[in-house]
């Protein structure tokens, strides 16, 4: 999966506070090799995340565990938490999105292992902390100001907007998408403009990233 996508992947062990596997995508490794990052474990965040955002990550971790543990075990399938923070690598500074999906639990139901998919963020600042379940009509957004989870309505994409995103991801031009969907070029441009306004994005790349991270497609 890591070789077939621009994203990166690592598996985190919450009991040992270490990484069990780290993909080799260099963009997200802070100048380290995958093996070096694996050995650093949580130390990686201390070395490469701005200090004020380290505090944010600690709060997300605490609030996320408390919220997730309240969800009945049989209903946890399909949940993921997503948030943005910076990684600093010398003079380089990247705003990344972390999308973490639990997949293994201890016998008492505590979260043990999770897979984290890392990509460039579609936003311009850190935060945007969301706990979602794919296909659900609502999700939770964490407020750093109020220090609590707030219930929000899930944005939806119209079928034609999903098709435009999918075809764009396949590398088709606007003219090719129009031909594929049996619509005019102007109609496809209108679909994109309205979709960008609703999602708060400025390009197909941002819209695709947001839709993927939010489970909209």
Open item on the list: How long are the semi-axes of the equivalent ellipsoid of region 28-99, taking √(5λ) for every eigenvalue λ of the Cα gyration tensor, in whole Å from largest down?
Closed with: 27, 14, 11
TODO: Among 122, 168, 82, determine the one that fluctuates most according to a GNM of the chain built with springs between C-alpha atoms less than 10 Å apart.
DONE: 168
Task: Residues 148, 116, sorted so that the one with the fewest Cβ neighbours within 10 Å comes first - done: 148, 116
TODO: Could you work out the per residue convex hull volume over the alpha carbons of region 96-217, in cubic angstrom?
DONE: 130
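If you average 1/r across every pair of different Cα atoms in region 90-165 and take the reciprocal, what Kirkwood value do you get, in Å?
Numbers: mean 1/r = 0.0650 Å⁻¹.
It is 15.4 Å.
Using only alpha carbon pairs under 8 Å that are at least six residues apart, calculate the relative contact order of region 44-158 and give it in whole percent. Can you show the working numbers first?
Working: 175 pairs, mean separation 23.9, N = 115.
Averaging sequence separation for qualifying contacts and normalising by length gives 21 percent for region 44-158.
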TODO: Within 10 Å of each residue's Cβ, count the other Cβ atoms and sort 147, 21, 98, 86 from fewest upward.
DONE: 147, 21, 86, 98
TODO: Express in whole angstrom the spacing between the alpha-carbon centres of region 1-67 and region 133-182.
DONE: 26
Task: Calculated over region 17-143: convex hull of Cα atoms, volume per residue (Å³) - done: 118
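Over every pair of different alpha-carbon atoms in region 122-187, take the mean of 1/r and invert it; report that Kirkwood radius in Å. The partial results should precede the final answer.
Details: mean 1/r = 0.0681 Å⁻¹.
Result for region 122-187, one decimal place: 14.7 Å.
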TODO: For residue 173 and residue 151, compute 0.36 nm times the residue count separating them, minus their Cα-Cα distance, and round to one decimal in nm.
DONE: 4.2 nm
Task: Directionally averaged projected area (convex hull, Cα atoms, region 2-60), nm² - done: 4.3
Open item on the list: Only Cα pairs within less than 10 Å get springs; with that Gaussian network setup on the chain, which residue of 127, 171, 30 has the largest fluctuation?
Closed with: 171
- [ ] Working from Cα positions, state the angle (0 to 90°, nearest 10) between the long axis of helix 185-199 and the longest principal axis of the chain.
- [x] 30
Task: region 159-213: Cα Rg divided by the 2.2 N^0.38 Å rule of thumb - done: 1.01
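Note the per residue figure in Å³ for the convex hull of the C-alpha positions in the chain. Present the calculation step by step, with values, prior to reporting the outcome.
Details: hull volume 29.5 nm³, N = 217.
Cα convex hull per residue, to the nearest whole number: 136 Å³.
Every number in this text was worked out from the coordinates using simple rules, so none of it is lab data. The shown structure was predicted, so the numbers you read here are calculated from the model rather than taken from an experiment. Don't worry about glycine lacking a Cβ; one is built from the backbone with ideal geometry, like all the others, and counts go over all protein chains shown.
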